[in-house]
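Heads up: the structure comes next, in structure tokens.
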Amino acid sequence: MSTFDQRLPKTENMFIPFIMSGDPTPDLSIELAYTLQESGADVLELGVPYSDPLADGPTIQQAAARAIEQGMTIQKAIQLIPEMRKRGVHIPIVLFTYCNPVLQYGMETLVKQLKENEADGLLVPDIPLEESEELKQHAEAHGIQLISLVAPNSEERIKRIAEQASGFLYCVSSLGVTGERAEMNPNISSFLEQVKRHSSVPVAVGFGISTNDQVRLMHEYADGVIVGSKIIKIIEGEQSALLKEETKVEGLQRVKGKISQLLNY
Amino acid sequence: MSTFDQRLPKTENMFIPFIMSGDPTPDLSIELAYTLQESGADVLELGVPYSDPLADGPTIQQAAARAIEQGMTIQKAIQLIPEMRKRGVHIPIVLFTYCNPVLQYGMETLVKQLKENEADGLLVPDIPLEESEELKQHAEAHGIQLISLVAPNSEERIKRIAEQASGFLYCVSSLGVTGERAEMNPNISSFLEQVKRHSSVPVAVGFGISTNDQVRLMHEYADGVIVGSKIIKIIEGEQSALLKEETKVEGLQRVKGKISQLLNY
Amino acid sequence: GRFGDFGGKFVPETLMAPLQEIEASLTEALQDEDFIAAFQHELKTYGGRPTAFTYANQLTESLGGAQIYLKREDLNHTGAHKLNNAIGQALLAKRMGKTKIIAETGAGQHGVASATVAAKLGLECKVFMGEKDIERQELNVFRMKLLGAEVIPVSSGSKTLKDATNEAIRHWVAHCDDEYYLIGSVVGPHPYPKMVRDFQRVIGDETKTQYEDVKGGLPDRIFACVGGGSNAIGMFYPFLGTGVELVGIEAAGRGIQSPEHAATLTKGTPGIIHGSMTYLLQDEFGQITEPYSISAGLDYPGIGPEHAYLHASKQVRYESITDDEALEAIKTLSRTEGIIPAIESAHAVAQAIKEAETMEPSESIVINVSGRGDKDMSTIMKYFEGSAEHGE
Amino acid sequence: GRFGDFGGKFVPETLMAPLQEIEASLTEALQDEDFIAAFQHELKTYGGRPTAFTYANQLTESLGGAQIYLKREDLNHTGAHKLNNAIGQALLAKRMGKTKIIAETGAGQHGVASATVAAKLGLECKVFMGEKDIERQELNVFRMKLLGAEVIPVSSGSKTLKDATNEAIRHWVAHCDDEYYLIGSVVGPHPYPKMVRDFQRVIGDETKTQYEDVKGGLPDRIFACVGGGSNAIGMFYPFLGTGVELVGIEAAGRGIQSPEHAATLTKGTPGIIHGSMTYLLQDEFGQITEPYSISAGLDYPGIGPEHAYLHASKQVRYESITDDEALEAIKTLSRTEGIIPAIESAHAVAQAIKEAETMEPSESIVINVSGRGDKDMSTIMKYFEGSAEHGE
């Protein structure tokens, strides 16, 4: 049994938040990870900031730009994970990073270090199934779950992607980049049903989920929801409180409160 | 015998100055005509200002621009001639004008009016022999001498031009436009000899003659010299004196003095 | 040297010899197969001829009238038909043993074409340009200098094209032994209008062949803009007497009822300009007046004498198009065909659009797109921004 | 979808379907004679192909080495080879039933080419352009709007080409059902690099025929500049394996020892950019770094994956040329041949001049003059005026 599965609290009504390493500071990333776990997170998606984040909308792009500005790197992001564990984060942590930083770091080095640093998974949004074989082999060899994505237009590839998925399967709610959407894809339920038919791991849905209603609806169809841009915005909203030592705890409390509102339907 | 020949004081060592009608004022043109006669002019070339004087250098172009500014027209220029006669100008007067104003005025009207206004000749620098037939017929019918030009590169046309010349024959000293030249064409003597062989009228040379030495030299080879830009410059130099009633006479005296310097070699 | 009552050589005596020399050399050259072959070789391998012949399907469909074809002189090297003539004359200059060419320019297009062929053929080049135009056309001035030409500022008269031409002629008079004057349009004294037409008729000759290949037979009407008139003569000449209706379009500027236009045939009178008997814009005493058009290439107070003749003899119909109409035509052609024409050429496009609408879908027309609009982008931009400010 | 180790489809899952759709349609289209005929028809009657093949006699004589020929892509409609690809892809988009195209642009050339073919084929067009580039290229922005395109400012990242490309991809992900993404070079995920090469190979195919007609056989060396690399691949591809020495020239900017260059193959390392495995300029952690070149068209941190392959497999030799060398080459080609090349193309000219001098007069070379310099006149003017001020 993988560490991912061992650390996973539950496999239904999962909540998978995304934070950007180093946004607004590395220390706050650790605190935020803990706060999210306290708020009910089942898996933490930990982003590595990238100069050219093709799959992301403006909110996550800007978070990445801020984090790069702060000197965040893939190496430093990995080193945050043991700190998070020390702080008490016991849920699975999945590193989110684009393909080019992975290549420069070295695939094997990366998964090895992830393992050593108590991470559980890796998500690379721009490595589709067809380009993933080498990375998957390295990940499997080191017990790191390579998280796969599947999209509404994946069609005949849905089966192939779902069957080889590990950790959880990330379903893209609708075409486009990450970020809030006013309306959800109306065909989402049939898409998710199709995915679930072929998947042996929990199925989570992400991209554009930002309201209490949307979380509730998605929990009806899927095993979990991934929330990214909305979390970034909540953190942005509390940034000035978080950055001052005397108001930090207050700020974290308010983050927790807002996340509860999102989840308590 | 034409009025031109009747009025011509002499046919050797001729001096043929050019002035621009209306530069600096119509009244001064009359005075200047008289002064030039007093200075020894044998023929007066009276210019009509034109917007696009192709054969002229900057000095005469600028004189034309000033005269147009003053409202001078071909009609007003012709009307100056009887005034000059009244003032005592008895030498032949040749109107100098480009072809387009002649056409717009009407060839026949023009030569008729020239005759009526006691002019003796007409010089149109941009009507070469080949385009001159109609104008020549009108001129002859009214007893106006159409002055022909011949150039160092006229070659086999020299004979044809010289043989039909009337009044005097205008020899262009060297290629280029009107205006001062530091050096005279070194082949000028053989050119002028060739012209004189075919001409039954006096042969005068113009373009670039501006010094006492040049006048002397040209008088050796030709029957006369035409001086244009240099005269304009002399008048320009005295313009402020000429334009004031109290210094006008003085100014005219100085013009006369400078012309004497040019001619007394 | 005449086209009916028009043309001729109204020049100072000193220019008669160089003109005769050119005439003799030209006659000889045009009978020499090697010269013709060299001319055609440069047009093809250097200039990019034959230029394309484009069916304007979208414009045709949007108007619902005659089928519209475009002769694409905008695709010539340096961006307009001007190069055809510059190549021809520069080859002649070289054959005559001249080592230098001089040229006049207004907006700079002919100056650039002259500087270009001078560089290509190893000739020195001086370009006369009015001081006002030098200021307005800074980039073209730099372009000519980059091509190795000397740009000579002209400060006489109105400091624009007409005066640059005067000054080039004056300079040439003094230097005609080693310099060749490369005139940019079908204007000037004989043999220039005929020579330039002979070098530009390749436009019409190609069009005839291309139309025959694509459609068979002859088009019903052909449209070309007229400033000096070289692109129009080049296009029309091979079609004279064939029954094709030929339409030349002058610049009406702010309207032919206003004093600001360049509609020489429509509003001018016969006279002499730059050595040639033709129509021109002048006052009652024959002083040449300043023309106006938003297009620097049509902003000329005269017109080629052959056009005066074709007008008088009713072989070509001449119309005029205002600044506003021309600019609107630029927008239309850009949006429907992806071709931004020069403002000059847009005058022909505008008239063609007016007429095509009233014609039958079985009929067809050709528009000579004499040049590309790149050179005019800042003028066009200013115009539309100005219009936008005024709520249009 | 690979060229050796390079290429591939490193894209978000949502793009896999549209890429597969394009791949399938392209394969079908390239086997359809009607599609090929339509493509060739537009290239000829609209774009002006075949482009000229010019013997640079004066440049050749001044260097005293190899005979120099120029492939004149500068004579294409809109002024560069970009149009070939834009026509091809827009025809494909139409065949696929798409009604809108989107494109990225840096200096604006590909944006103009895309807006142009969109107008010609009746498609809607959106062009993504960095805010910094919009400011620097005001006239090209206006040109695109005049052609009916919508220009969408991109404020992310460095606000230049790389980010405009990212943003175009992001937009496409959300709208791939009715929009077609028209990439401007041989970059991006499979099948783009192969497709753009297939549409650009007409350059090399024509060159082969033209050289055979003029000289017989094959040239000794061929030079082409490389930014993304579409003009170079288009030229090289038909000559691969023929024994002709192929030389690609990158932009060395202020020198490859300085941090300011765009010499991707010379100084970059393998990685992923815009969905493709290739060489790129990046830091140790794989963040893409900003390239520099005076030429906006070479100022790209990546390079087409096929070039990475041709480099690795030593089928093409890659060199680099600095800003200063390129600008000097513009002057040389302008003065000797009357052709002002684009700054991009001048990189190829500069390297060719270096090598031609050392070659035998019996040898011959071809330079791909990929575009005209008109778009660069103010940059060139500023450069030479700057140099002049510093006494050069």
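The values are calculated or read from the model by the stated rules, or taken from the named source; none is laboratory data. Only a predicted model underlies this, so the values are computations on that prediction, with no experimental measurement involved. Glycine gets a Cβ as well: all are built from the backbone with ideal geometry, and neighbour counts include every protein chain shown. For the accessible areas, the whole protein counts, side chains as well, though only heavy atoms, and no ligand, DNA or RNA atoms are used. Shrake-Rupley method; radii C 1.70, N 1.55, O 1.52, S 1.80 Å.
Structure notes:
- For residue D:273, nonlocal amide neighbours, meaning residues 5 or more places apart or on other chains whose placed amide H falls under 5 Å from its own, are D:278.
- Note on chain D: with neighbouring protein chains present and a 1.4 Å probe, carbon and sulfur make up 47 percent of its accessible heavy-atom surface.
- Candidates C:262, C:346, C:308: whichever shows maximal mean-square fluctuation once chain C is modelled as a Gaussian network with Cα springs under 10 Å: C:308
- Placing R0 at 35 angstrom, the Cβ-Cβ distance between residue C:178 and residue C:377 gives a FRET efficiency of 0.35 after rounding to 0.05.
- Sorting D:180-188, B:190-198 by average packing, meaning the other beta carbons within 10 Å per residue, from highest down gives D:180-188, B:190-198.
- Drop in accessible area of at least 20 Å² in the complex versus isolated chain, residues of region C:1-23, 1.4 Å probe: C:9, C:10, C:11, C:12, C:13, C:14, C:16, C:17, C:20
- Euclidean distance between Cα centres, region D:1-71 to region B:68-86, Å: 73
- Per-residue accessible area (protein heavy atoms, 1.4 Å probe) orders A:21, B:166 as B:166, A:21, starting from the largest.
- Interface residues of region B:19-68, defined as a loss of at least 40 Å² in heavy-atom accessible area between the chain alone and the complex of all protein chains with a 1.4 Å probe, are B:51, B:52, B:54, B:61.
- Dipole moment magnitude, nearest 20 debye, the protein assembly as shown about Cα centre, only Lys, Arg, Asp, Glu C-beta charged: 100
- Listed peptides D:373-382, C:270-279 by packing density, highest first (mean Cβ within 10 Å): C:270-279, D:373-382
- Basic side chains Lys and Arg get +1 at the Cβ, acidic Asp and Glu get -1 at the Cβ, and with that the dipole of region B:52-113 about its Cα centre reaches some 340 debye.
- Atom-type composition of the exposed protein surface of region B:63-124 places 45 percent of the accessible area on carbon and sulfur (1.4 angstrom probe).
- Amide H within-cut-off set for residue B:146, under 5 Å, with H built and near neighbours excluded: B:122
- Projecting the Cα atoms of B:122, B:103, B:195 onto the dipole axis of region B:60-201, where Lys and Arg carry +1 and Asp and Glu carry -1 at the beta carbon, places B:122 farthest toward the positive end.
- Counts of other chain beta carbons within 10 angstrom of each beta carbon in peptide B:132-144 average 0.
- Mean projected area in nm² (Cα convex hull; one quarter of hull surface) for region D:328-391: 4.9
- Between region B:1-53 and region B:171-223, the Cα center-to-center distance that results, in Å: 19
- Only protein atoms count toward the accessible area here, which uses a 1.4 Å probe; on region A:125-222, the carbon and sulfur part of that area reaches 45 percent.
- Where region A:127-200 is the region considered: accessible area per residue in Å², 1.4 Å probe: 44
- Seen from every direction in turn and averaged, the convex hull around the alpha carbons of region A:9-160 projects onto 9.1 nm².
- Based on the Stokes-Einstein relation at 25 °C and a viscosity of 0.890 mPa s, and on the Kirkwood radius from alpha carbon pairs, chain D is assigned a translational diffusion coefficient of 118 µm²/s.
- Between D and C, accessible area buried - total, square angstrom, nearest 100, 1.4 angstrom probe: 3600
- Each of D:176, D:230, D:192 was scored by the projection of its Cα onto the charge dipole of region D:129-278, and the greatest displacement toward the positive side belongs to D:230; charges sit on the C-beta of Lys, Arg, Asp and Glu.
- Accessible area in square angstrom per residue, region C:323-379, 1.4 angstrom probe: 27
- The HN-Hα couplings worked out from phi for region A:109-123 by the Karplus form 6.51 cos²θ - 1.76 cosθ + 1.60 (θ = phi - 60°) are 3, 4, 5, 4, 5, 4, 4, 4, 9, 6, 8, 10, x, 9, 10 Hz, whole numbers, x standing for Gly and Pro.
- Amide proton proximity set for residue D:340, modelled H, under 5 Å, gap of 5+: D:373
- A convex hull fitted to the Cα coordinates of the protein assembly as shown yields 201 cubic angstrom per residue.
- Partner chain coverage, peptide C:76-88 - average Cβ within 10 angstrom: 2
- Of interest is the spacing of the C-alpha centroids, which for region A:88-129 and region C:304-350 amounts to 66 Å.
- Between A:104, A:214, A:164, the residue with the greatest mean-square fluctuation in the GNM of chain A (Cα pairs under 10 Å linked by springs) is A:104.
- Residues of region A:171-213 that bury at least 40 Å² of accessible area once all protein chains are present, compared with their chain alone (1.4 Å probe, heavy atoms only, ligands and nucleic acids left out), are A:175, A:176.
- When peptides B:4-15, D:88-99, C:245-256 are ranked by their average number of other Cβ atoms within 10 Å per residue, the highest-first order is C:245-256, D:88-99, B:4-15.
- Taking the Cα centre of chain D as reference, the dipole from Cβ charges on Lys and Arg (+1) and Asp and Glu (-1) amounts to some 580 debye.
- Where C meets B: accessible area buried, both sides, 1.4 Å probe, Å²: 2700
- Rolling a 1.4 Å probe over the protein chains gives residue D:176 an accessible area of about 10 Å².
- Across the identical copies, how the residue C:361 labels are spaced - nm, sorted shortest first, 7 Å along Cα→Cβ: 6.4
- Calculated FRET efficiency, residue C:362 to residue D:254, Cβ-Cβ distance, R0 = 45 Å: about 0.10 to the nearest 0.05.
- Beta-bridge orientation, chain D: approximately 30 percent antiparallel, per DSSP, counting only bridges with both partners inside.
- Partner shielding of C:366-377 amounts to 2, given as the average count of beta-carbon atoms from other chains within 10 Å of each residue beta-carbon.
- Solvent-accessible surface of region C:204-245, taken per residue with a 1.4 Å probe and all protein chains present: 33 Å².
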